[in-house]
Amino acid sequence: MKVLIIGSGGREHAIAWKVAQSPKVDKIYCAPGNAGISQYAECVNIGAMEFEKLAAFAKKKEIDLTVVGMDDPLVGGVVDIFESQGLKVFGPRKNAAILEGSKAFSKDLMKKYNIPTAAYENFTSPEEALAYLETAKMPIVLKADGLALGKGVLICNTLEEAKEGVKTLMLDKQFGSAGDEIVIEEFMVGREVSVLSFVDGNTIRIMTSSQDHKRAKDGDQGLNTGGMGTFSPSPFYTKQVDEFCRENIYQRTVDAMKAEGRPFKGIIFFGLMLTEEGPKVLEYNARFGDPETQVVLPRMKNDIVEVFEACVDGKLDQIQLEFDHNAAVCVVLASDGYPEHYEKGYPITGFENFENKSGYFVFHAGTKFDEAGRIVTNGGRVLGVTALGEDLKKARENAYNAVQWIHFENKYMRNDIGKAIDEA
């Protein structure tokens with residue numbers, strides 16, 4: 001069969017690598033793709049938001065399954081366009097992708113269906129938001145309602161910071177229309193855990209847990225980024241936590257979406273906070289996490305294409321997910337200065353060091369080929385270096401050894417990815 005993947009990051013590279021292992025697949029395309037994805041897929045110069053062009057391409061090439069990696073096209077309704085043209089596509093429709101597309105919607109959904117989350121209020125008026133802050137308890141969290149590349153969340157320690165945050169989101173429009181409405185919610189204390197799941201509208205199948213590191217600098221300092229590294233599994237995601245979440249969060253979310261007339265097919269990413277009162281939902285995403293995917297998929301035993309098809313066909317109840325009893329750590333190699341200002345176009349060397357080395361992966365995020373055919377940096381997050389190990393400490397050691405095999409001029413990384421492993 002022929003598969004089309006939509007996206008251009010490390011997540012899509014990991015998906016392409018996994019899809020390439022399926023005996024069902026003989027041709028993969030990726031739009032727009034990147035330099036690393038071209039190892040497995042034919043990259044097609046169509047943007048992820050060019051829905052009609054993408055659908056026309058899928059028809060012309062007789063694509064059997066399209067997999068949407070990114071949030072923007074899902075929230076924008078790419079699945080609806082594909083389905084209206086009789087094309088098989090994996091991902092939620094527009095009316096279900098709102099689970100990620102609107103923080104206010106997801107918070108209201110959780111309140112209505114009694115899914116544990118932080119206390120909150122929604123605001124469309126900056127004046128009302130500022131008035132609310134005068135009596136609120138600090139620290140407090142401000143969230144832009146819409147998509148903001150994972151950066152629209154502000155943690156404010158003082159009233160002054162919180163007021164400044166409202167100004168940034170709602171008046172200065174730092175994240176554009178994403179800040180037309182904001183959610184102000186209580187600050188939760190605890191361990192963060194990410195849990196990815198496959199959903200077919202009725203049935204949910206939980207993948208292994210992981211944990212992301214969002215801040216740019218060591219010790220969780222610096223600005224929020226799209227993610228500087230991950231590890232899987234999370235040692236804090238215990239059997240008790242899993243049982244609680246299965247009973248109170250996972251299936252309840254799927255049932256809630258169905259009850260709202262928004263049946264969800266695709267990936268639900270649960271961002272959880274393990275508080276003293278028990279696990280609570282921080283956020284939902286409507287697609288694979290990046291870079292969580294880069295540690296979860298290398299541990300998955302299933303043929304991913306079979307799982308995708310089961311979700312689309314409503315037959316996920318016939319699938320049991322299987323994961324290796326090992327661990328994975330991913331360290332992101334970024335351009336120095338990310339997430340603010342950074343240079344692009346530096347040649348990258350050392351990829352040959354990963355050839356024929358079992359348990360080591362280098363997933364491309366911001367890379368491209370230059371005119372001379374060299375692979376060069378083309379973004380803030382450049383590569384995700386992932387390594388497996390029999391346990392988390394070994395996987396971390398392997399990952400930090402492997403980052404030394406890659407070289408480019410303004411290479412930057414955090415040196416403490418997986419520091420929580422020592423605290424477990």
Taking region 141-176 and keeping only residues that are more than 16 Å from residue 283 (Cβ to Cβ) and touching a residue at least 40 places away in the same chain (Cβ under 8 Å), one is left with 166, 167, 170, 171
Of the numbered conditions (1) over 26 Å from residue 275 (Cβ atoms); (2) modelled with pLDDT under 90, residue 167 fails exactly one; give the number of that condition.
(2)
Among (1) within 15 Å of residue 125 (Cα to Cα); (2) within 21 Å of the chain's Cα centre (by Cα), where does residue 177 come up short?
(2)
State all residues of region 126-145 that are open to solvent by 10 Å² or more (accessible area, probe 1.4 Å), under 30 Å from the mean Cα position of the chain (by Cα) and farther than 12 Å from residue 186 by Cα; if no residue qualifies, say none.
126, 145
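For region 151-169, name all the residues that are of a type outside the set (D, E, K, R), open to solvent by 10 Å² or more (accessible area, probe 1.4 Å) and more than 22 Å from the chain's Cα centre (by Cα).
Taking region 151-169 and keeping what is of a type outside the set (D, E, K, R), we get 152-159, 162, 165-166, 168-169.
After this cut, where a residue has to be open to solvent by 10 Å² or more (accessible area, probe 1.4 Å) as well, the list is 153-155, 157-159, 168.
Once the filter is applied, which keeps residues that are of a type outside the set (D, E, K, R), open to solvent by 10 Å² or more (accessible area, probe 1.4 Å) and more than 22 Å from the chain's Cα centre (by Cα), region 151-169 yields 157, 158, 159, 168.
Of all residues in region 330-374 being touching a Pro at 6+ places or on another chain (Cβ under 7 Å) and not in a loop (DSSP other than H, G, I, E, B), which is surrounded by the fewest Cβ atoms within 10 Å (Cβ to Cβ)?
Looking only at region 330-374, we keep the residues that are touching a Pro at 6+ places or on another chain (Cβ under 7 Å), and these are 330, 332, 361, 374.
Restricting the remaining residues to those that are not in a loop (DSSP other than H, G, I, E, B) gives 330, 332, 361.
Values: 330: 33, 332: 31, 361: 23.
If we take residues in region 330-374 being touching a Pro at 6+ places or on another chain (Cβ under 7 Å) and not in a loop (DSSP other than H, G, I, E, B), then 361 is surrounded by the fewest Cβ atoms within 10 Å (Cβ to Cβ).
Kindly indicate the residue of region 48-64 that is in contact with a helix residue (DSSP H, G or I) (Cβ under 8 Å, 6 or more places away or on another chain) and over 22 Å from residue 292 (Cβ atoms) and also surrounded by the most Cβ atoms within 10 Å (Cβ to Cβ) among those meeting that condition.
Narrowing region 48-64 to residues in contact with a helix residue (DSSP H, G or I) (Cβ under 8 Å, 6 or more places away or on another chain): 48-49, 51-52, 54-55, 58, 63.
Filter once more, keeping what is over 22 Å from residue 292 (Cβ atoms): 49, 51-52, 54-55, 58, 63.
Working: 49: 13, 51: 19, 52: 11, 54: 26, 55: 22, 58: 23, 63: 22.
Among residues in region 48-64 that are in contact with a helix residue (DSSP H, G or I) (Cβ under 8 Å, 6 or more places away or on another chain) and over 22 Å from residue 292 (Cβ atoms), the one surrounded by the most Cβ atoms within 10 Å (Cβ to Cβ) is 54.
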Those strands (runs of 3 or more DSSP E) completely within region 1-84 that have 1 or more residues that are over 19 Å from the mean Cα position of the chain (by Cα) and farther than 25 Å from residue 95 by Cβ are 2-7, 27-32
Mind listing whichever residues of region 177-212 are within 20 Å of residue 286 (Cα to Cα), of a type in the set (D, E, K, R) and in contact with a Ser or Thr (Cβ under 8 Å, 6 or more places away or on another chain)?
181, 205, 212
Go through region 241-264 residue by residue and tally those that are closer than 13 Å to residue 195 by Cβ, β-branched (Val, Ile, Thr) and open to solvent by less than 10 Å² (accessible area, probe 1.4 Å).
2
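Between 203, 238, 275, which is open to solvent by 10 Å² or more (accessible area, probe 1.4 Å) and touching a Leu at 6+ places or on another chain (Cβ under 8 Å)? Let's see the steps before the verdict.
On the way: 238 fails: touching a Leu at 6+ places or on another chain (Cβ under 8 Å); 275 fails: touching a Leu at 6+ places or on another chain (Cβ under 8 Å).
203 is the lone residue from the list that is open to solvent by 10 Å² or more (accessible area, probe 1.4 Å) and touching a Leu at 6+ places or on another chain (Cβ under 8 Å).
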With criteria (1) among the charged types (D, E, K, R); (2) assigned to a helix (DSSP H, G or I); (3) under 21 Å from the mean Cα position of the chain (by Cα), residue 317 comes up short on (3)
Spot the failing condition for residue 297; the list is (1) under 21 Å from residue 235 (Cα atoms); (2) out of contact with any Lys or Arg (no Cβ under 7 Å at 6 or more places or on another chain); (3) not in a strand (DSSP E or B), and only one is missed.
(2)
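Using the structure shown, decide if residue 207 is under 25 Å from the mean Cα position of the chain (by Cα) and hydrophobic (A, V, I, L, M, F, W, C). So that I can check it myself, show each step before the final result.
Working: under 25 Å from the mean Cα position of the chain (by Cα): yes; hydrophobic (A, V, I, L, M, F, W, C): yes.
Yes, satisfied.
Check every one of the strands (runs of 3 or more DSSP E) wholly within region 182-287 and list those with 1 or more residues that are in contact with a strand residue (DSSP E or B) (Cβ under 8 Å, 6 or more places away or on another chain) and under 23 Å from residue 363 (Cα atoms). Let's see the steps before the verdict.
On the way: elements: 182-186, 191-200, 204-212, 215-217, 221-224, 229-232, 265-275, 278-285.
Strands (runs of 3 or more DSSP E) meeting the threshold: 191-200, 204-212, 215-217, 221-224, 229-232, 265-275, 278-285.
What number of residues within region 357-378 satisfy the criterion of being farther than 28 Å from residue 327 by Cα and in contact (Cβ under 8 Å) with a residue 24 or more places away in the chain?
Step one: list which residues in region 357-378 are farther than 28 Å from residue 327 by Cα, which gives 368-378.
Narrowing further to those that are in contact (Cβ under 8 Å) with a residue 24 or more places away in the chain: 368-370, 374-378.
Final tally of qualifying residues: 8.
Being aromatic (Phe, Trp, Tyr) and touching a Ser or Thr at 6+ places or on another chain (Cβ under 7 Å) is the filter; apply it to region 404-424 and report the residue that is surrounded by the fewest Cβ atoms within 10 Å (Cβ to Cβ). Let's see the steps before the verdict.
From region 404-424, those aromatic (Phe, Trp, Tyr) are 405, 408, 412; that's our starting set.
With touching a Ser or Thr at 6+ places or on another chain (Cβ under 7 Å) added as a condition, the list becomes 408, 412.
Details: 408: 20, 412: 18.
Checked region 404-424; the qualifying residue surrounded by the fewest Cβ atoms within 10 Å (Cβ to Cβ) is 412.
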Against the definition (more than 28 Å from residue 263 (Cβ to Cβ) and either at pLDDT 95 or above or open to solvent by 10 Å² or more (accessible area, probe 1.4 Å) (or both)), how does residue 121 come out, yes or no?
yes
So, first residue closer than 29 Å to residue 246 by Cα in region 177-195, second residue open to solvent by 70 Å² or more (accessible area, probe 1.4 Å), Cβ within less than 8 Å, six or more apart or across chains; the pairs are 183/121; 184/121; 184/132; 185/121; 186/137; 187/155; 189/276; 190/276
Checking 84, 106 in turn, the sole residue that is modelled with pLDDT of 95 or more, polar (S, T, N, Q) and in contact with a helix residue (DSSP H, G or I) (Cβ under 6 Å, 6 or more places away or on another chain) turns out to be 106
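The values are calculated or read from the model by the stated rules, or taken from the named source; none is laboratory data. Remember, predicted model here, so these are calculated numbers, not experimental data. Cβ sites come from the backbone with ideal geometry, for glycine too, and all protein chains shown count toward neighbours. Accessible surface is based on the protein model in full, side chains and every heavy atom, while ligands, DNA and RNA are left aside. Shrake-Rupley method; radii C 1.70, N 1.55, O 1.52, S 1.80 Å.
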